[in-house]
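The values are calculated or read from the model by the stated rules, or taken from the named source; none is laboratory data. These numbers come from a predicted model, not from an experiment. Glycine also receives a Cβ, built like all others from the backbone with ideal geometry; neighbour counts cover every protein chain displayed. When the accessible area is computed, the model is the full protein with side chains, heavy atoms only, and any ligands, DNA or RNA have been set aside. Shrake-Rupley method; radii C 1.70, N 1.55, O 1.52, S 1.80 Å.
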Amino acid sequence: EVRPAENTFAGFSPDGERIFYIDTTVYPPPFATDPPAGLFAFDIDSETTIPIASNSRFVNIPADGESAYLTSTEVLDDANEGELGVDNLYLCDGATIHFVAQLSPEDLNGFYGGTEFSLARWTEAVGPVQTVQVGAVRNPSRTTPDGSVLVFESHAALTGEETNGFSQVYRYDSVADSMDCVSCDPTGAPATSNSPLQITTLTVFNAPTNALNLVRNVTDDGESVFFQSEAPLVPRDVNGAIDVYEWNQGRVALISSGQSAS
């Protein structure tokens, strides 16, 4: 037994050496967001419980299990860059917590029948109850296997571009400590539409994939990011429809034609 009830499973490393959980019970989906709680890891070999943060929510746990992205309204980082009372995004890398960005309230309040995504639904994405409407797709973030790069959607203007309240795709590089807006118009023009990693519509009949079919939006080295947008981000995109793009080292290119009516 890793921990007695009450608690909720939050994932594990592929080698099985580390299990993650939160110290409260999250009701089975559908639900709005994970509640703020204590976040923990458990090391199998040493049978040691590792506290990660209190009053926080997991956003993404990279595949190697050595780090975790989380959000909290408390100041958790040693540099005190986070702000009390707002939704701060953090990276916990071992025993150190680093401030990443300040999120928008809309990024965390997604629920069935309302906002289509929330960065605070991690336990739904990895939990045992998986259906065509409940699964990994419901989490709008991706990481490289080592966690050095986080790709995520946010309504906040994190890099200075005018987003007009639309959600954009951002790429955080923890090694360079840099943030890029992957889906913002390269010309600097204001955003005109949301740019999701993939469609997460609840009605499966009008979505190309269901909640079980997760798109791998970032390459393992973190250099390329793939997303979709209705905004014309390059001159060749003239169809006024949703198109698929690739971002690589600051450059945006079309994958779909940008010409087809469909």
Would it be correct to say that Ser141 is under 22 Å from Asp87 (Cα atoms) and surrounded by fewer than 21 Cβ atoms within 10 Å (Cβ to Cβ)? no
Does Phe152 qualify as being within 20 Å of Ile199 (Cβ to Cβ), out of contact with any strand residue (DSSP E or B) (no Cβ under 6 Å at 6 or more places or on another chain) and open to solvent by less than 70 Å² (accessible area, probe 1.4 Å)? no
Failed condition for Phe117, given (1) modelled with pLDDT of 95 or more; (2) of a type in the set (A, V, I, L, M, F, W, C); (3) over 16 Å from Ala10 (Cβ atoms); (4) in contact with a helix residue (DSSP H, G or I) (Cβ under 8 Å, 6 or more places away or on another chain), with all others met? (1)
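What number of residues in the range 210-227 are open to solvent by 20 Å² or more (accessible area, probe 1.4 Å), modelled with pLDDT under 95 and either hydrophobic (A, V, I, L, M, F, W, C) or within 20 Å of Asp180 (Cα to Cα) (or both)? First the steps, then the outcome.
Looking only at the range 210-227, we keep the residues that are open to solvent by 20 Å² or more (accessible area, probe 1.4 Å), and these are 210, 212-216, 219-221, 223, 226.
If we keep only those that are modelled with pLDDT under 95 too, we end up with 210, 212-216.
Now restrict to residues that are either hydrophobic (A, V, I, L, M, F, W, C) or within 20 Å of Asp180 (Cα to Cα) (or both): 212, 214-216.
Residues flagged as open to solvent by 20 Å² or more (accessible area, probe 1.4 Å), modelled with pLDDT under 95 and either hydrophobic (A, V, I, L, M, F, W, C) or within 20 Å of Asp180 (Cα to Cα) (or both) within the range 210-227 amount to 4.
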State whether one or more residues within the range 43-53 are within 19 Å of Ser148 (Cα to Cα) and modelled with pLDDT of 95 or more. yes
Given (1) small (Gly, Ala, Ser); (2) surrounded by fewer than 21 Cβ atoms within 10 Å (Cβ to Cβ); (3) within 21 Å of Asn217 (Cβ to Cβ), identify the lone condition not met by Ala125. (2)
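When you check Arg171 against the structure, is it surrounded by 16 or more Cβ atoms within 10 Å (Cβ to Cβ) and charged (D, E, K, R), yes or no?
Working: surrounded by 16 or more Cβ atoms within 10 Å (Cβ to Cβ): yes; charged (D, E, K, R): yes.
Here the answer is yes, as Arg171 does meet what is asked.
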Looking at the range 142-166, I want the residues that are on the phi > 0 side of the Ramachandran plot and have a partner that is of a type in the set (S, T, N, Q) and buried (at least 16 other Cβ atoms within 10 Å of the Cβ) with Cβ atoms under 7 Å, at least 6 apart or on another chain. Which pairs are those? Gly147/Ser67
Search result, residues across the range 65-82 that are of a type in the set (Asp, Glu) and either over 20 Å from the mean Cα position of the chain (by Cα) or at positive phi (or both): Asp78, Glu81
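For every residue, the table says whether it meets (1) touching a helix residue (DSSP H, G or I) at 6+ places or on another chain (Cβ under 9 Å); (2) closer than 23 Å to Ala176 by Cβ; (3) of a type in the set (A, V, I, L, M, F, W, C); (4) surrounded by 15 or more Cβ atoms within 10 Å (Cβ to Cβ).
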{"site": "Thr71", "(1), (2), (3), (4)": "yes, yes, no, yes"}
{"site": "Asp77", "(1), (2), (3), (4)": "no, yes, no, yes"}
{"site": "Asn80", "(1), (2), (3), (4)": "no, yes, no, no"}
{"site": "Leu84", "(1), (2), (3), (4)": "no, no, yes, no"}
{"site": "Leu91", "(1), (2), (3), (4)": "no, yes, yes, yes"}
{"site": "Gly94", "(1), (2), (3), (4)": "no, yes, no, no"}
{"site": "Phe99", "(1), (2), (3), (4)": "no, yes, yes, yes"}
{"site": "Leu103", "(1), (2), (3), (4)": "no, yes, yes, yes"}
{"site": "Asn109", "(1), (2), (3), (4)": "no, no, no, yes"}
Scan the range 243-262 residue by residue and report those that are in a loop (DSSP other than H, G, I, E, B) and open to solvent by less than 90 Å² (accessible area, probe 1.4 Å). Gly250, Ser256, Ser257, Gly258, Ser260
